[in-house]
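The values are calculated or read from the model by the stated rules, or taken from the named source; none is laboratory data. Because the structure is predicted, anything quoted here is derived from the model rather than measured. Neighbour counts are summed over all protein chains in view; Cβ atoms, including those assigned to glycine, are modelled from backbone coordinates with ideal geometry.
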Amino acid sequence: MRRFALALLVMLSISSAIAGGLPAPSRPRDLSDADRAALDGISASLNSFATLKGEFVQIDPDGAVDQGLFYISKPGKMRFEYKPPAASLIVSDGSTVAVANTRLNTVDRYPLSETPLELVLGKNIDLRNNPAIASIRHEQGAIVIGARTNLNQPNANISLVFSDPGYELRQWTVIDNQGLSTTVALRDVVPGAQLAPSLFQLPDKNPFARRPQE
């Protein structure tokens, strides 16, 4: 159950940070020209695709590693499918987010409008004017953006790593309320992929019994 909860936490946090997110107490006051150019470039990169697919690797605080496939179709649709032995699946059909656990044979559903997912799966991302952005750091071959996900968060609790040049999202790390971190790395990402609508059908009680065809 802890791994299952972490999966949802990661998805909600990344969604809030890269797409406008929840309001934050403050944002960097002194952005350099390089900072502004990077934020504008990353925003343009995120706005440049309507669909995205690839693989992900998740590292939990206890060192456990899970892998899976992800699919995104704007606006509002996504699928994060964990490979066995993990038993988790997260799907949004554009209005509802379903979180399934095949081992427990449960499916929990949430209105998309009540989660930050609605923001990342939308359009017109503008990180330069996003009040959730707390910091930006330039490293060799990478740009690291720190963001908060709620008003009560005094420090950045999520960091996003983008390639430089290219501005491709490579990974993110979420720090929970206990100070524990979960990292998700993306690989073999394909923007503009043809995705079947069936990928975003909400799961039933056995969501892996009939895996949708791409």
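Details
- Whenever a residue of segment 154-176 is charged (D, E, K, R) and part of a strand (DSSP E or B), its partners that are at pLDDT 90 or above and surrounded by fewer than 17 Cβ atoms within 10 Å (Cβ to Cβ), lying with C-beta atoms within less than 6 angstrom and at least six residues away or across chains, give the pairs Arg170/Ser163.
- Among residues of segment 111-133 being of a type in the set (A, V, I, L, M, F, W, C) and assigned to a loop (DSSP other than H, G, I, E, B), the one that is modelled with the highest pLDDT is Ile125.
- Subset of segment 143-153 that is assigned to a loop (DSSP other than H, G, I, E, B) and either hydrophobic (A, V, I, L, M, F, W, C) or loosely packed, with under 15 Cβ neighbours inside 10 Å (or both) - its residue that is modelled with the lowest pLDDT: Leu151
- Only one of Val99, Val57 that is within 13 Å of the chain's Cα centre (by Cα) and either modelled with pLDDT under 90 or of a type in the set (A, V, I, L, M) (or both): Val57
- Of the residues making up segment 159-170, not a single one is at pLDDT below 85 and of a type outside the set (Ser, Thr, Tyr).
- Selection from segment 177-198 of residues that are part of a loop (DSSP other than H, G, I, E, B) and either polar (S, T, N, Q) or free of Cβ contacts under 8 Å to residues at least 12 places away in the same chain (or both): Asn177, Gln178, Gly179, Gln194
- The set of residues in segment 56-115 that are acidic (Asp, Glu) and surrounded by fewer than 16 Cβ atoms within 10 Å (Cβ to Cβ) comprises Asp62, Asp108, Glu114.
- Considering only residues in segment 80-96 that are more than 24 Å from Arg187 (Cβ to Cβ) and of a type outside the set (Gly, Ala, Ser), the one that is modelled with the lowest pLDDT turns out to be Thr96.
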